[in-house]
Amino acid sequence: MKHAARKANTTTFLAIALLGAMAIPAAAQEDCTGFSFPVETEIAWMKAADSESVEAGAKLPGLPAKAVTLKLKMTRDIALPVKSGRKKQAIGGGTYSGWFEIASLPKGGVYQISLSHDGWIDAAQNGELVQSQTFSGRPACKAVRKSVRYELGAGPLTVQVAGSPVETVKVTIREAN
Amino acid sequence: MRRRPPRATARIAAALAGLTLATGLFPAAPLAQSTAQPSLGTLEKLGRALFGDRNLSANRRQSCVSCHSPDLAFTDPKELGKIEGAVSVGADGRSFGDRNSPSASYASFAPEFRISEGGEPVGGFFWDGRARTLEEQAGGPPLNPVEMGMPDKQSVVARLKENPRYVEAFPAFFGTGVLDDTEQAYAAMTKAIAVYERASDFAPFDSKYDRSLRGEAMLTGAEAMGRDLFFSPGRGNCGACHLSNGPGAAEKEVFSGFKYYNIGTPANRNVRALNGSKPGFVDVGLAANPAASGAGHDGKFRVPGLRNVAITGPYMHNGIFKELRTVLLFHQRLSLDGPRINPETGQPWDAPEVHANLAAGNLKAVPALSESENAALIAFLKTLTDKRHERLLD
């Protein structure tokens, strides 16, 4: 009887110890499920070490097949090429904003622009904002906070980020599957 | 090294399984970063998918998220040029409503619409309480011609049937054949959306104010002064209309008593000029609600909650005021030495859109506050901002 009780106690102790060991990483683990369209490529690009680092206002020659690490500026100190169209409180004065240009999209189609942190994404062509087609976001996903799809034409593209809580963000853009 | 006997291992597994069920710490599904099309395995997930589904609008360009963005406390982030964010644009890109899109955060805490024992309308959804429940509210925008613009419930259900995930999920949650019955299917859709709107995404209760109540944060001197003014019946007296849990600070307070008043908000002429309103149109508010109709309700609107109020302007039912300070001064305008000038126009306050039923007694009881007191009150109201939006505070 005593032996059985000791075995039971040992089992319970081990279970609790295992629970404790597993609970910390489980709680810290990000959750990138629940996006309404695929973002596997974006997650891989965001996590890869080969991102292209650029300053706000940079011009890229073509569509990058990897993440762009974009250094933003204080929102109050920067004027975006195209007015974001959002309420001022949606962006906030104490946040960071910036943009980069792609000299030429090779072809028109539906593109997916993703952002690693909180903030607003805008796509602009010919000096005007392009209306988004659809959006998906997961605050619990550390790699991709949100992803927005736009129907874009071939030619120059401006990608704007506004209202980020952090100075450096990662952005990806690729043709949607 | 001794190997653990299989039975002991099995017992540990069983014990963990029990803990899984008891605590939910270990979900049955793996925590992998799969980003395949999401399972709609819970009603909340189904509701979230519906909330963000643009296919539920006539031209497939607008979802609930369009005017209730999670990135701005479930309000509309769009400024819309001359509209200045006062109201929202419809799916067609050119129709404008007449009322401000209220925040959907903490909306689920409103009680169902009812007439109190004293004969007073309380609770309900929309500015005029015309939706009795959150489910009824969720069913409104898809069919509103100046919002999502679907012609009828049948067309909405047809859109639901286009989505294989819905075709799988609806019968699983609501019974076989649910999508074959338009009324049942539409009610199921609104039920799922309402379940999502009751989720913690919408009501985290993690603002600085909440944290201060839990001893996790300390309000600054100005914030504490503003809090005291807010709750003081003799000074700010905000709690007279903006508390649901009785006087004094309480956890999970959403800062509305959910009653209806006419506080004399002027018509928003700018919006009326742009939204095609017929000349002479008057928004009578609660009086247009069939469940509360009567001249005694002309011009009354539901008291809004104040969670995230610092980032959810423009204010009032028609978005006429851009700044929170203006709203505070407007509430104080009828007191003996209250402000007589609208700081946004530099002119005297415009006349109420509806003169009848003006809550003049209540408004005269709001004392005029000093500039520093108003600043403190604003500092306090900023502490009602959910943690994830605090970066937006200036």
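Residues that are surrounded by 14 or more Cβ atoms within 10 Å (Cβ to Cβ) and farther than 12 Å from A:Ala143 by Cα were ranked within segment A:25-45; the one that is modelled with the highest pLDDT is A:Pro38.
Condition first: in the same structural domain as A:Ala58 (by TED's automatic domain parsing), outside any strand (DSSP E or B) and crowded, with 22+ Cβ neighbours inside 10 Å. Can you find one or more residues in segment A:112-120 that meet it? Checked against the condition, which is being in the same structural domain as A:Ala58 (by TED's automatic domain parsing), outside any strand (DSSP E or B) and crowded, with 22+ Cβ neighbours inside 10 Å, segment A:112-120 yields at least one hit. All conditions in (1) surrounded by fewer than 19 Cβ atoms within 10 Å (Cβ to Cβ); (2) in contact with a His (Cβ under 7 Å, 6 or more places away or on another chain) hold for B:Pro111, with the sole exception of (2).
In this structure, B:Ser116 does satisfy being modelled with pLDDT of 85 or more, over 30 Å from A:Thr41 (Cβ atoms) and not assigned by TED's automatic domain parsing to the domain that holds B:Ser244. From the set of residues in segment B:74-90 that are within 16 Å of B:Ser277 (Cα to Cα) and among the small types (Gly, Ala, Ser), which is surrounded by the most Cβ atoms within 10 Å (Cβ to Cβ)? Once the filter is applied, the top-ranked residue is B:Ala86. When B:Asp298 is tested against (1) at pLDDT below 95; (2) of a type outside the set (Lys, Arg); (3) in contact with a helix residue (DSSP H, G or I) (Cβ under 8 Å, 6 or more places away or on another chain), only condition (1) is not met.
The number of residues in segment A:73-93 being within 14 Å of A:Ser164 (Cβ to Cβ) and charged (D, E, K, R) comes to 4. Condition check for B:Asn55 on (1) in a loop (DSSP other than H, G, I, E, B); (2) surrounded by fewer than 22 Cβ atoms within 10 Å (Cβ to Cβ); (3) at pLDDT 95 or above: one failure, at (1). Please enumerate the residues belonging to segment A:89-102 that are within 25 Å of B:Glu390 (Cβ to Cβ) and more than 8 Å from chain B (Cβ to nearest Cβ). Selection gives A:Tyr96, A:Ser97, A:Gly98, A:Trp99. Only helices (runs of 4 or more DSSP H) whose full extent lies in segment B:293-394 are considered here, and the ones with at least 3 residues that are more than 14 Å from every other protein chain (Cβ to nearest Cβ) and not hydrophobic (A, V, I, L, M, F, W, C) are B:360-364, B:371-382.
In segment A:125-151, of all residues being more than 9 Å from chain B (Cβ to nearest Cβ) and buried (at least 22 other Cβ atoms within 10 Å of the Cβ), the one that is farthest from A:Thr33 (Cα to Cα) corresponds to A:Tyr150. The set of residues in segment B:250-269 that are over 20 Å from B:Pro102 (Cβ atoms) and touching a Ser or Thr at 6+ places or on another chain (Cβ under 9 Å) contains only B:Ala250.
Could you pull out the residue among B:Thr345, B:Thr326, B:Thr385, B:Thr312 that is surrounded by 19 or more Cβ atoms within 10 Å (Cβ to Cβ) and either at pLDDT below 95 or more than 30 Å from B:Ser200 (Cβ to Cβ) (or both)? Checking each option against the conditions leaves just B:Thr326. When you scan segment B:26-50, how many residues do you find that are more than 7 Å from every other protein chain (Cβ to nearest Cβ), crowded, with 21+ Cβ neighbours inside 10 Å and either modelled with pLDDT under 95 or not in a helix (DSSP H, G or I) (or both)? Going through segment B:26-50 one residue at a time, the tally reaches 2. Taken together, A:Leu105, A:Leu60 contain a single residue that is more than 11 Å from chain B (Cβ to nearest Cβ), touching a Gly at 6+ places or on another chain (Cβ under 9 Å) and at pLDDT 95 or above, which is A:Leu105. The residue pairs whose first member lies in segment A:111-127 and is more than 15 Å from A:Arg145 (Cα to Cα), whose second member is part of a strand (DSSP E or B) and acidic (Asp, Glu), and whose beta carbons are closer than 7 Å, counting only pairs six or more residues apart or on different chains, are A:Tyr111/A:Glu175. Within segment B:258-274, being in a loop (DSSP other than H, G, I, E, B) and crowded, with 20+ Cβ neighbours inside 10 Å holds for B:Phe258, B:Ile263, B:Gly264, B:Thr265, B:Asn268. Checked against (1) among the small types (Gly, Ala, Ser); (2) out of contact with any strand residue (DSSP E or B) (no Cβ under 6 Å at 6 or more places or on another chain); (3) farther than 30 Å from B:Pro164 by Cα, A:Ala67 passes all but condition (2). In the set A:Arg174, A:Arg149, only one residue is under 24 Å from B:Ala91 (Cα atoms) and in a strand (DSSP E or B); that residue is A:Arg149. Here the condition is being buried (at least 20 other Cβ atoms within 10 Å of the Cβ), assigned by TED's automatic domain parsing to the domain that holds B:Gln137 and not in a loop (DSSP other than H, G, I, E, B); of B:Ala172, B:Ala187, B:Ala194, it holds for B:Ala194 alone. Just to be sure, is B:Asn237 closer than 19 Å to B:Glu120 by Cα and part of a loop (DSSP other than H, G, I, E, B)? It is false that B:Asn237 is closer than 19 Å to B:Glu120 by Cα and part of a loop (DSSP other than H, G, I, E, B).
The values are calculated or read from the model by the stated rules, or taken from the named source; none is laboratory data. This structure is a prediction, so every number in the text was calculated from the model and none was measured. Note that we place each Cβ from the backbone using ideal geometry, even for glycine, and neighbour counts take in every protein chain shown.
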